[in-house]
């Protein structure tokens, strides 16, 4: 790899490892110092490697330099501490613990512990994702701003406030105890789910960035699976869900940002390896006594990897949504359930689905009107047109409006077969 | 709360019939859940059922003197008794003659029917 490519690549893979270990060592009180040392290490690498060429073992080089910088910083702190403030948060009696442990075990442990510390119920979900991207995934502030369609100042403020809160609440960077771990794991999984969603649904035009977010979410979920204590069925189910969704990444969007609907996707672009992985993790998730919403969502996602429209497929999806809604209601699930109903209960045709759909009364939701537009097509085209028009007015992104307009045109042609467009 | 009562609850149905009932029940509950009005529910099993009487006598089976047996219940969030009744009308239990769905308001102050 060229040196120009190597440093950004190493930044992405090694920054988070170094920063996790340092953060754990320094604690939230001095998290900026940990981040500074890590960033500084890469700055030094860029400068020195430019002069002297690449070292034989770049990763080892980075770790060494990081350790030394940390050692210097700690000694400075120690002087400050001994001479100025008697009690500082350094775990030592006589000598500062200057050994930074960058072994594989400690790297993985530190990242896991950081994950729990960052995905803490005390800070808002957006902040959790932001911090996770920065510290656990090594994303730059600009990249994070781009992903959230925000700006650097907002992101900086958000991260700053989050760290302050974690400091204030004295959140420890450690593995939660046995009684707490399940509850805390729930929060972590929610954050990872949201992180994946950011990548999957992001409106950012940077396709590479969006895919990176999804991959990062998957990587972090996998970290949980690799650890015995957190290798639980719900975690496997979540990873399964992510694999199934990610398998369609190539087919979902054209390079110009246009959305390709599921029915229109080119199956050959679906990543079979990811689909297989999804099935594997769903299998591993199929144990224990409890079903999480991720189990149900992953099962639904599994059915969507079978493109052919069969009554069996849609009946299964319908029943899964029936269960999902009992577990946790969401408007999207309700709408999807109704769509599945229209495909599964073929005997009653679309009229049953229309009745069910109208009971939902989600009149401010563009997807609600889009669904009714689709259901009313060929049954009452005037109503279909009206709903699609409402949907277009409520839709926010150009990509969505585009798709809906195409549907509207088709509908209008059905209503007035004589007219040409 | 919607309480289901069956006539001849002991009558055994064929596996196919049970499957049909299951789908109808799940679809019915799914429909209520999709409106965000489902609050929980349970089927009640006949296996191992017992009844305890006022002199501590224990007999097998559910309350056997009445022809109707309780099959289960669900709890819904309805804005009015009428809405709760409209939910009840959709229950597959009502396909059987003599079956009924009792609609009762929960005795809480939080507006849950």
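The values are calculated or read from the model by the stated rules, or taken from the named source; none is laboratory data. Worth saying up front: this structure is predicted, and the values here are computed from it rather than measured. Reconstructed Cβ throughout: ideal geometry from the backbone, glycine too, with neighbour counts over all protein chains shown.
Can you tell me which residues in segment A:344-357 are within 19 Å of residue A:331 (Cα to Cα) and more than 12 Å from chain B (Cβ to nearest Cβ)?
Hit for segment A:344-357 is A:354, nothing else.
Could you tell me whether segment A:326-336 includes any residue that is in a helix (DSSP H, G or I), touching a strand residue (DSSP E or B) at 6+ places or on another chain (Cβ under 7 Å) and within 14 Å of another protein chain (Cβ to nearest Cβ)?
As a first pass, look at segment A:326-336 and keep what is in a helix (DSSP H, G or I): A:326-327, A:331-336.
Add one more test, that the residue is touching a strand residue (DSSP E or B) at 6+ places or on another chain (Cβ under 7 Å), and what stays is A:326.
Next cut, within 14 Å of another protein chain (Cβ to nearest Cβ) only: A:326.
Yes - at least one qualifying residue is present in segment A:326-336.
Yes or no, residue by residue, for (1) touching a helix residue (DSSP H, G or I) at 6+ places or on another chain (Cβ under 7 Å); (2) part of a loop (DSSP other than H, G, I, E, B); (3) in contact (Cβ under 8 Å) with a residue 24 or more places away in the chain; (4) surrounded by 21 or more Cβ atoms within 10 Å (Cβ to Cβ):
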| site | (1), (2), (3), (4) |
| --- | --- |
| A:211 | yes, no, yes, no |
| A:240 | yes, no, yes, yes |
| A:256 | no, yes, no, no |
| A:298 | yes, no, yes, yes |
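Which residue out of A:282, A:367 is within 28 Å of residue A:243 (Cβ to Cβ), within 14 Å of chain B (Cβ to nearest Cβ) and touching a helix residue (DSSP H, G or I) at 6+ places or on another chain (Cβ under 9 Å)?
Going through A:282, A:367 in turn, the sole match is A:367.
Determine which single condition residue B:29 fails, assuming it passes every other condition in (1) out of contact with any strand residue (DSSP E or B) (no Cβ under 7 Å at 6 or more places or on another chain); (2) within 14 Å of chain A (Cβ to nearest Cβ).
So the condition that residue B:29 fails would be (1).
Tally time: how many residues in segment A:127-159 are more than 22 Å from residue A:24 (Cα to Cα) and either modelled with pLDDT of 85 or more or crowded, with 22+ Cβ neighbours inside 10 Å (or both)?
Number of matching residues: 11.
Out of all the residues in segment A:376-399, is one or more within 11 Å of chain B (Cβ to nearest Cβ) and within 22 Å of residue A:317 (Cα to Cα)? Before you say what the answer is, go through the steps one by one.
Going through segment A:376-399, the residues within 11 Å of chain B (Cβ to nearest Cβ) turn out to be none.
For segment A:376-399, residues within 11 Å of chain B (Cβ to nearest Cβ) and within 22 Å of residue A:317 (Cα to Cα): absent.
Of the residues B:96, B:48, B:72, only one is on the phi > 0 side of the Ramachandran plot and touching a residue at least 12 places away in the same chain (Cβ under 8 Å); which?
B:72
Residues to consider are A:138, A:130; find the one that is within 20 Å of residue A:33 (Cβ to Cβ) and outside any helix (DSSP H, G or I).
A:138
Restricting segment B:32-42 to residues that are under 21 Å from residue A:345 (Cβ atoms) and more than 8 Å from every other protein chain (Cβ to nearest Cβ), which is surrounded by the fewest Cβ atoms within 10 Å (Cβ to Cβ)?
My answer is B:37.
Within segment A:201-208, can one find any residue that is buried (at least 16 other Cβ atoms within 10 Å of the Cβ) and over 30 Å from residue A:292 (Cα atoms)?
The answer is yes; a qualifying residue exists.
Among the residues of segment A:300-325, how many are within 14 Å of another protein chain (Cβ to nearest Cβ) and either out of contact with any helix residue (DSSP H, G or I) (no Cβ under 8 Å at 6 or more places or on another chain) or crowded, with 17+ Cβ neighbours inside 10 Å (or both)?
14
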